[in-house]
Amino acid sequence: MSFGDVELGTAGTQSLLITNAGTADLTVTSATDDSAAFTISGSLPTTLPPGGSLTLSVEFAPPAVGATSGTLTLTSNDPDGSTTVALSGTGIVIPDLSLSATSLSYGEVELGFSSTRSITVSNPGTGDLTINSITSSNPDFAVTGTAFPLTVPQGGSASLSIEYTPVSVGAQSSVLTFDSNDPDGPATLSVSGTGIVADLTLSTSGIAFGDVELTTSSSPTGTVTNTGTAALVLTGASSDSAAYSVSGFDPISLAPGEATTMTVTFAPLAVGPAPATLTIAGNDPDGDGSVTLTGAGIVIPDISVDLGPDFGDVEVGHAGSGFISVTNVGTGNLVINGAAFDSTDFSVTGPVFPATVLPGDTLLLELEFAPSAEGPITAVLTIDSNDPDSPVTAGATGTGTVAQAEVTVTAIDFGQAITGTTESQSVTVTNTGTATLVLTGAVANDADGAFGAGSATLTVAPGESATLDATFSPVGPSTSTADLVLSSNDPDGETVIALSGHGTRAYIEADTLYLTDYSADTTVTFHSDGTVSGTDGTETFARASNFTNIIAGEYTTTFVFEEGGGVGGSLSGATTVLDYSAVSSGVSVDLASGAATGTGGVSGLTSLIGGSGNDTLGGPATDTTWTIWGANSGTVAGLDF
């Protein structure tokens, strides 16, 4: 019985069939072998009838590598004696390659990088395992760090590193084949992974800033997007020109599909083109991103104009002056080509155009407001320059005012005035306009100079009034007329007041009133208020009693006294009548001395009319005859009383 090759540590089993080929019962009492490598099992002893059989199990467990033999002896009642069976077998050892996993997954691995996984190779066999090689169906997957052939002793293990280094984007797989002395043949391991890559994509390949004024800047934005499948790590952005800077761009990691915004600022350092390149550094295997930057520094004049002036009140026919400041707040020379108002009431009087204003300097435009009408006036000043925003405008305002002279009277009649005296009447001049009224002259145009005015110059504010005196100084017994012409700044022209007056035949020289030119009887009344009036029936005069004496003419002159009225000097005339009929207090007349109440003396007295009081009449100094006609009347020394 041959067991062939049996691996150490295991056992091989065969069956031994015993048959009773005789005619009597066969009793098998035992079955033995002479080697411990073989073991016999079965039901013994046993008796087999003729033709019966019994199966014994024989097991071979090799004790060592190599051939082992033995003899199995059956003891029975077979008359032929014991029966023997030759036993043989060979002990061998067998390696067994066992992997800790049947597959490995690397997930996503960025191109340019590697990922390593470990697999454990065990040898649970009885012989040394020799791994001759491990081959991969995809070169992106490879065993690293192990030299072949590799021997794994019985019961031992080894850890192998398998590295995935993708060279293309997308899912990839491989089968690793383990060639060894394992009699079961090659073992295989499935591996898989996905190659990913970061891809830096810019929203533009170039940014054109155009013309940018010095001292200013322009700051457009751009977008950086990760259009790849791996995280894009941006480490910085820089320009090769100091005129450009990047903000809002700190080192950042962008997930696939994510974007970030950066702001690029161009602040020109000089006039002229300023080309540059913006470099954006990251882990894109294709290299850094770049953006072409173009721009030019320029200078631009920039006009700044103050608010237009308010000229306030300016009289029509006159002009007010003002200024407006024009400042160049730009970077280039400002050239003002001209400036003009849209109203003829305003004008620009200086400077001469064109005028150049350097950056940061200010120019004053000289303005004039000459209103043509009364009331508020507005205008727009338009300034033309080389400012790109030209023209610019500014407003101007002013109010035209006029003086308006208004007098209380249009005619003055002085009546009959005593020749040699001066009568006056007040004229009120009111300014009903909006400008100050300046009265520059008041002239009467009569030839004989009988009329005049007081102050020739008056200044009257709007709404106010002033007074001047018109005078009449008759130079003889005649009627005078004239126009009093008031000259002023009233645009309506001169104001004219008609003057008239009559010089009486009564006249005053020094302190004496002369009535000698009258050719008719005259009555002179001394009023209680101290004034004196007189008439010859055709003309009348009235005057304050500012004279001392009265000299009458050849006609009868009656002097009438009111209570308290009188004159300080003497009264004389060819025929003089004293009339005290209006006096209630006692009066006294002395013919001897010429004294009389209400006078400083009287001469030429021919008639006396007493009052209602106790009057006294003194006779002349010589013997005289008194003729009494009745109560309170009579004649003495040619005087009727």
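The values are calculated or read from the model by the stated rules, or taken from the named source; none is laboratory data. Owing to the predicted nature of the structure, the values given are computational and were not obtained by experimental measurement. Cβ atoms come from the backbone with ideal geometry, glycine included; neighbour counts cover every protein chain shown. We work out accessible area using only protein heavy atoms, side chains counted, and drop any ligands, DNA or RNA first. Shrake-Rupley method; radii C 1.70, N 1.55, O 1.52, S 1.80 Å.
For the stretch 497-539, which residues satisfy the criterion of being within 26 Å of Ala447 (Cα to Cα), surrounded by fewer than 18 Cβ atoms within 10 Å (Cβ to Cβ) and without any contact (Cβ under 8 Å) to a residue 60 or more places away in the chain?
Ala510, Asp517, Thr538 - these are the residues of the stretch 497-539 that are within 26 Å of Ala447 (Cα to Cα), surrounded by fewer than 18 Cβ atoms within 10 Å (Cβ to Cβ) and without any contact (Cβ under 8 Å) to a residue 60 or more places away in the chain.
Could you list all residues from the stretch 606-626 that are of a type in the set (Val, Ile, Thr) and open to solvent by less than 60 Å² (accessible area, probe 1.4 Å)?
Correct list: Thr606, Thr624.
Is the stretch 154-167 home to any residue that is in contact with an Asp or Glu (Cβ under 8 Å, 6 or more places away or on another chain), under 30 Å from Leu8 (Cα atoms) and not acidic (Asp, Glu)?
For the stretch 154-167, residues in contact with an Asp or Glu (Cβ under 8 Å, 6 or more places away or on another chain), under 30 Å from Leu8 (Cα atoms) and not acidic (Asp, Glu): present.
Just to be sure before I move on: is Thr265 in contact (Cβ under 8 Å) with a residue 40 or more places away in the chain and either open to solvent by 60 Å² or more (accessible area, probe 1.4 Å) or in a strand (DSSP E or B) (or both) in the structure I sent?
yes
Pick from Thr397, Thr362, Thr430, Thr434: which is open to solvent by 30 Å² or more (accessible area, probe 1.4 Å), within 30 Å of Gly322 (Cβ to Cβ), among the hydroxyl-bearing types (Ser, Thr, Tyr) and without any contact (Cβ under 8 Å) to a residue 40 or more places away in the chain?
Thr362
Would you please list the contacts, defined by Cβ atoms under 6 Å and residues six or more apart or on different chains, that run from a residue in the stretch 597-609 that is under 19 Å from Ser633 (Cβ atoms) to a residue that is at pLDDT 90 or above and part of a loop (DSSP other than H, G, I, E, B)?
Within 6 Å, the pairs are Thr597/Val587.
Which residues, taken from the stretch 364-378, are assigned to a strand (DSSP E or B) and either modelled with pLDDT of 95 or more or not small (Gly, Ala, Ser) (or both)?
Leu364, Leu365, Glu366, Leu367, Glu368, Phe369, Pro376, Ile377, Thr378
Pull out all pairs, ordered by first then second residue, where Cβ-Cβ is under 9 Å, the residues are six or more apart or on different chains, the first lies in the stretch 84-99 and is in a loop (DSSP other than H, G, I, E, B), and the second is crowded, with 17+ Cβ neighbours inside 10 Å and acidic (Asp, Glu).
Val93/Glu7; Ile94/Glu7; Ile94/Asp182; Pro95/Asp182; Asp96/Asp182; Leu97/Asp182
Give the stretch 625-641 a look and list any residue that's in contact (Cβ under 8 Å) with a residue 24 or more places away in the chain and not hydrophobic (A, V, I, L, M, F, W, C), or say none.
Within the stretch 625-641, Gly638, Asp640 qualify.
What is the residue count in the stretch 249-261 for residues that are touching a residue at least 24 places away in the same chain (Cβ under 8 Å), farther than 20 Å from Thr292 by Cβ and either open to solvent by 70 Å² or more (accessible area, probe 1.4 Å) or in a loop (DSSP other than H, G, I, E, B) (or both)?
Residues in the stretch 249-261 being touching a residue at least 24 places away in the same chain (Cβ under 8 Å), farther than 20 Å from Thr292 by Cβ and either open to solvent by 70 Å² or more (accessible area, probe 1.4 Å) or in a loop (DSSP other than H, G, I, E, B) (or both): 4 in total.
Checking the structure you have, find out if any residue of the stretch 37-60 is among the aliphatic types (A, V, I, L, M) and open to solvent by 70 Å² or more (accessible area, probe 1.4 Å).
no
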